[in-house]
1. Tell me, which residue of region B:90-102 that is more than 7 Å from chain A (Cβ to nearest Cβ) and surrounded by 20 or more Cβ atoms within 10 Å (Cβ to Cβ) is nearest to A:G44 (Cα to Cα)?
2. I'm trying to understand the selection: among the residues of region B:71-89, which are within 7 Å of chain A (Cβ to nearest Cβ) and either within 17 Å of the chain's Cα centre (by Cα) or hydrophobic (A, V, I, L, M, F, W, C) (or both)?
3. Taking only region A:29-60 into account, find how many residues are assigned to a helix (DSSP H, G or I), among the small types (G, A, S), farther than 15 Å from B:A43 by Cα and more than 7 Å from chain B (Cβ to nearest Cβ).
4. For region A:76-92, check the following and say yes or no: at least one residue is under 30 Å from A:K2 (Cα atoms) and more than 10 Å from chain B (Cβ to nearest Cβ).
5. Please count how many residues of region B:23-51 are over 21 Å from B:I65 (Cα atoms), at the interface with another protein chain (Cβ under 7 Å from one of its Cβ atoms) and part of a helix (DSSP H, G or I).
6. Might you check whether a residue that is surrounded by 24 or more Cβ atoms within 10 Å (Cβ to Cβ), in contact with a Lys or Arg (Cβ under 8 Å, 6 or more places away or on another chain) and either at the interface with chain A (Cβ under 7 Å from one of its Cβ atoms) or modelled with pLDDT under 95 (or both) occurs anywhere in region B:52-61?
Amino acid sequence: MKLKFDFQPLRQTSWRGHLLRFAMGGAVTVGTGLVAKAFGPIVGGVFLAFPAIFPVGLMMVEKLQNESAGPGARGHRARRAAIAQAVGAAVGSLGLAGFAAAAWLGLERVGAGLALPLALAAWAVAAVGGWYLRKRAVSRSLHVGHGGTAHAH
Amino acid sequence: MEEQLLRFLAGGALVASFALLGDLFQPKSFAGLFAAAPSVALATLGLTIHQRGTSYGAIEARSMIVGAASFFVYASAVSWSLNAWRPKPRVAALSCVALWFAVAAGGWWALLSRAG
């Protein structure tokens, strides 16, 4: 499937869903700060990669897919969408590690003003790059699986 | 109290914005990248560095690598369990959080507990 930019899901998502994600994100950010205050930055830092929004996102995907699927495809379609989302999140976590490494190495060298944008760029490059590499590997294995050696592109 | 309110608003706004951006992309596996966006980290590091300096932020960022590895195990486990056992997605997502804590605690003990 090709990468697409689509505004349709915005019309399907309820304002409650956005509010829930806002509240969850805010609560986890406050919680992370409190953990760092109580146990120090070494423990607090681990919680910067706590899966705060992922479970909420998965619940929203499940609800949306179940609402739009027919009665026969309800659980199956939601599960397939959730698996795709989870695979994406696993690849995205490589980007999260890239962000953390870039921030760790850059903060004291170049300051926050440059280190944080560079760390965000590292996240984007690692996450999107990882996603493309995985997509290529999957399509290659499908190609080989279908005996497509004569159709090499 | 004012600090907590600021953290709540900054974290909430960044998390909601990244999630909204993720909603706009197809296929779902690409949208999933935004579920692992560094939104909480950006809000926390931004405020922490402002209050305590870059050295404190760098220590937090180093620890975050362990959290990110735990996230990888967590998201992989959610995907694997959905394939293998076919639970409801919400059940898989919530029950696997325990795995994140276990891997994070193991990583902290093995790599960070003796670090300065």
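The values are calculated or read from the model by the stated rules, or taken from the named source; none is laboratory data. Bear in mind the structure is a predicted one, so any value in this text is a computation, not a measurement. Cβ placement follows ideal geometry from the backbone for every residue including glycine, while neighbour counts extend to all protein chains displayed.
1. Narrowing region B:90-102 to residues more than 7 Å from chain A (Cβ to nearest Cβ): B:91-92, B:95-96, B:98-99, B:101-102.
Okay, now just the ones that are also surrounded by 20 or more Cβ atoms within 10 Å (Cβ to Cβ), so B:92, B:96.
Numbers: B:A92: 25, B:C96: 21 Å.
Across region B:90-102, the extreme among qualifying residues is B:C96.
2. B:F71, B:F72, B:Y74, B:A75, B:S76, B:V78, B:S79, B:L82 - these are the residues of region B:71-89 that are within 7 Å of chain A (Cβ to nearest Cβ) and either within 17 Å of the chain's Cα centre (by Cα) or hydrophobic (A, V, I, L, M, F, W, C) (or both).
3. First, pick out the residues of region A:29-60 that are assigned to a helix (DSSP H, G or I): A:29-39, A:41-49, A:54-60.
Keeping just the survivors that are among the small types (G, A, S) gives A:31, A:33, A:36, A:38, A:44-45, A:49, A:57.
Now narrow it down to the ones that are farther than 15 Å from B:A43 by Cα: A:38, A:57.
Checking the rest, the ones that are also more than 7 Å from chain B (Cβ to nearest Cβ) come to A:38.
Selection size over region A:29-60: 1.
4. Here is the first cut: in region A:76-92, the residues under 30 Å from A:K2 (Cα atoms) are A:76-92.
Keeping just the survivors that are more than 10 Å from chain B (Cβ to nearest Cβ) gives A:77.
Looking for residues that are under 30 Å from A:K2 (Cα atoms) and more than 10 Å from chain B (Cβ to nearest Cβ), one finds at least one in region A:76-92, hence yes.
5. So the count comes out to 5.
6. no
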